[in-house]
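Just below is one structure, and these are the notes that go with it.
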Amino acid sequence: MTSSAPTLTPLVGVDRVLTAAREVPADPQGRRVLDDAALLADQDKWAEISRIASSHLAVDAGEIARRSDRALGSGGLAQRSGFRSPEELVKVSTGLTKQEAVAVVRVGRVVEQNASGGVLDPLTGELAAPREPWLAAAGAALVAGTLSSSQLSAIRTGLGQPTSNVPIQALTTAVVNLVTEITTTSGMTGVVGVAGVGWDVDRVLLRARELRDAIDETGIADREQERYESRSLRLFTRPNGTRRVVWDLDDETGALVEDLHDRLTSPKRGGIRFVDPTLAAQAETIRTDQRSVEQLASDGFAHLLTTGANTNTNHLLGTGAPQIRILINANHLHPTNPDHTQHTPGQPGQDSTVEGGHGFTEGQTPAGQDMHGQDAPGQGSPGVGHGFIEGQPSPISLRTIERLACTGEMIIASLDPDGQPLDLGRDARLFTPKQRTALAIRDGGCRWSGCDRPPTWTEAHHLKHWQRDHGNTNIADGILLCKYHHLLLHRDGWELTHNKTTYHLIPPKNIDPQQTPIPLESKSPAWKEFITTNPDG
């Protein structure tokens, strides 16, 4: 809105918006006459209207909360209206769920306090400092209609509260940077340059957590411990007599369960087609099984509970126990014990692993750790660094990595001069397990923009086609795509190019006559961190 535009009072403005919106019928038949571009443009406009409306709802909720301050007692707006709290009033008057109402009131308070310059005491008129001043830029963006209340709530949750390690100014800077990123760029690499597009709430929350981890290295272990402490398993009986399990998993347990689940169900989900010939029959048996994916998973885990993970492995789960793959920058690993051996990161074609113990015998607990292998407060490795469990966005602490190094294989990602880990040339048609591991480290799943399929659901595609282009089976010329996008690429004529570790998708001319390259972002937080710390790669 320019300075010369008339300023409308809230009620007059919203009345005009309502009148205009009611004149546009929500008619399915009317949408059918629109071509694809017009249909998507229509959706974009309604999404913007929805975002602006959520901003107004939050601002109203903040004012309702201010007028319902506890200090006012029964004289507050909520209680005078017959409600115990402003959250309940908002819930009933808007039709939101309880959780949504709590969130919008919380956001409204943030906006109201920062816009007013603080918290106004309704009885004395005194102005105290805002409770969350670091969110001022997010509140201003919400008022401007460029940020939704759900996005602001995700920023608030993801960045968390200030601590001794993260002062208010650091959080303030992070909020300003994140709001700028959201409101000036596309969060979906398939839509280049369209501000705000692709910044769904889950993506905003993930990005906010990444920023928190970036400015709070020492707090990674604490947040990891919080996730560990929140683990739980609850069993409910449903009205129809079936039992329901709600299982909140810590990082390590989650990785184990995901590995087992993928082994049980991957072929049924339309998983990898290029399988080891010795496992083809097993995959086909699972694929043609009449049970649904959910039923297969249920029966498989029930079987594991009763007979153990090693029972009939050739038929049920393939070979071996479930695995956790740890990704860590070699520069972050600081052995603190002469018994702990670090291998030099391997050359192309070699393994890069860390192995060795900490000088305690089987059955004993390492010094400074509890019975679960967790470091006791104030104990553990003094080194600074962190890593990632493959497929999970939250980093884990160095002390956890060093503990896991004592029990199994750890993969240290190292870059060659072009930022790639492993090559094979044309010696093999299919990517080897080692190369698949390297691709998983680098790509973090299906690389196609907006796809969330994990590495276990993907296939390795040759950028230079094996037959057509005589391409090599090299990491640099490989990329992970899920089955759907792999088939789409070959069927519809999409192409892929790369420059070192930067990959672009080239649409066919019938989709984009200009064939504008679309950057494909890695889904691996570990790999993105490696590239940041190795800018020449």
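Among the candidates ALA255, ALA321, single out the residue that is closer than 28 Å to PRO393 by Cβ, surrounded by 12 or more Cβ atoms within 10 Å (Cβ to Cβ) and at pLDDT 70 or above.
On the way: ALA321 fails: at pLDDT 70 or above.
The match here is ALA255.
Considering only residues that are over 25 Å from the mean Cα position of the chain (by Cα) and β-branched (Val, Ile, Thr), look in region 111-161 and name the one that is modelled with the lowest pLDDT.
THR124
Among the numbered criteria (1) surrounded by fewer than 19 Cβ atoms within 10 Å (Cβ to Cβ); (2) modelled with pLDDT under 85; (3) in contact with a helix residue (DSSP H, G or I) (Cβ under 7 Å, 6 or more places away or on another chain), which one does VAL201 miss?
VAL201 satisfies every listed condition except (2).
Of the numbered conditions (1) over 21 Å from the mean Cα position of the chain (by Cα); (2) hydrophobic (A, V, I, L, M, F, W, C); (3) outside any loop (DSSP other than H, G, I, E, B), ILE531 fails exactly one; give the number of that condition.
ILE531 satisfies every listed condition except (1).
Looking at region 111-150, which of its residues are in a loop (DSSP other than H, G, I, E, B) and either within 26 Å of GLY76 (Cα to Cα) or in contact with a Pro (Cβ under 8 Å, 6 or more places away or on another chain) (or both)? Give the steps one after another, and end with the answer.
Filtering region 111-150 down to residues in a loop (DSSP other than H, G, I, E, B) leaves 117-118, 121-126, 129-132, 144-148.
Listed by number, the residues that qualify are GLY117, GLY118, ASP121, PRO122, LEU123, THR124, GLY125, GLU126, ALA129, PRO130, ARG131, GLU132.
Give the residue, chosen from ARG234, ARG207, that is modelled with pLDDT of 90 or more, part of a strand (DSSP E or B) and of a type in the set (D, E, K, R).
On the way: ARG207 fails: part of a strand (DSSP E or B).
Within the list ARG234, ARG207, the selection yields ARG234.
Restricting the search to region 213-222, which residues are of a type in the set (D, E, K, R) and over 15 Å from SER164 (Cβ atoms)? Reasoning before the result, please.
Kept after step one, since they are of a type in the set (D, E, K, R), are these residues of region 213-222: 213, 216-217, 222.
Matches in region 213-222: ASP213 only.
State yes or no: is VAL119 assigned by TED's automatic domain parsing to the domain that holds VAL201, of a type in the set (A, V, I, L, M) and in contact (Cβ under 8 Å) with a residue 24 or more places away in the chain?
Working: assigned by TED's automatic domain parsing to the domain that holds VAL201: yes; of a type in the set (A, V, I, L, M): yes; in contact (Cβ under 8 Å) with a residue 24 or more places away in the chain: no.
No; evaluated as a whole, the condition is false for this residue.
Looking at region 134-166 only, could you name the residues that are surrounded by fewer than 19 Cβ atoms within 10 Å (Cβ to Cβ) and of a type outside the set (S, T, N, Q)?
Within region 134-166, ALA140, VAL143, ALA144, GLY145, GLY160, PRO162 qualify.
Just to be sure I understand, how many residues within region 32-77 are basic (Lys, Arg), within 29 Å of the chain's Cα centre (by Cα) and loosely packed, with under 13 Cβ neighbours inside 10 Å? Spell out the reasoning first.
First pass over region 32-77, keeping only residues basic (Lys, Arg): 32, 45, 51, 66-67, 70.
If we keep only those that are within 29 Å of the chain's Cα centre (by Cα) as well, we get 45, 51.
Within this subset, residues satisfying the condition of being loosely packed, with under 13 Cβ neighbours inside 10 Å are 45.
Of the residues in region 32-77, 1 are basic (Lys, Arg), within 29 Å of the chain's Cα centre (by Cα) and loosely packed, with under 13 Cβ neighbours inside 10 Å.
Can you find a residue that is of a type in the set (Phe, Trp, Tyr) and either at pLDDT below 85 or crowded, with 20+ Cβ neighbours inside 10 Å (or both) anywhere in region 492-500? Outline the logic, then answer.
Here is the first cut: in region 492-500, the residues of a type in the set (Phe, Trp, Tyr) are 494.
Checking which are either at pLDDT below 85 or crowded, with 20+ Cβ neighbours inside 10 Å (or both) leaves us with none.
Checked region 492-500: no residue is of a type in the set (Phe, Trp, Tyr) and either at pLDDT below 85 or crowded, with 20+ Cβ neighbours inside 10 Å (or both).
How do the pairs read when you match residues in region 122-150 that are within 15 Å of VAL110 (Cβ to Cβ) with residues anywhere that are crowded, with 16+ Cβ neighbours inside 10 Å and of a type in the set (D, E, K, R), using Cβ under 8 Å and keeping only pairs 6 or more apart or on different chains?
Qualifying pairs under 8 Å: ARG131/ARG109; GLU132/ARG156; LEU135/ARG156; ALA138/ARG156; LEU147/ARG51; SER148/ARG51.
The values are calculated or read from the model by the stated rules, or taken from the named source; none is laboratory data. Since the model is a prediction, treat every value here as computed from it, not as a measurement. When we count neighbours, we look across all protein chains shown, and the Cβ atoms used for this are built from the backbone with ideal geometry, even at glycine.
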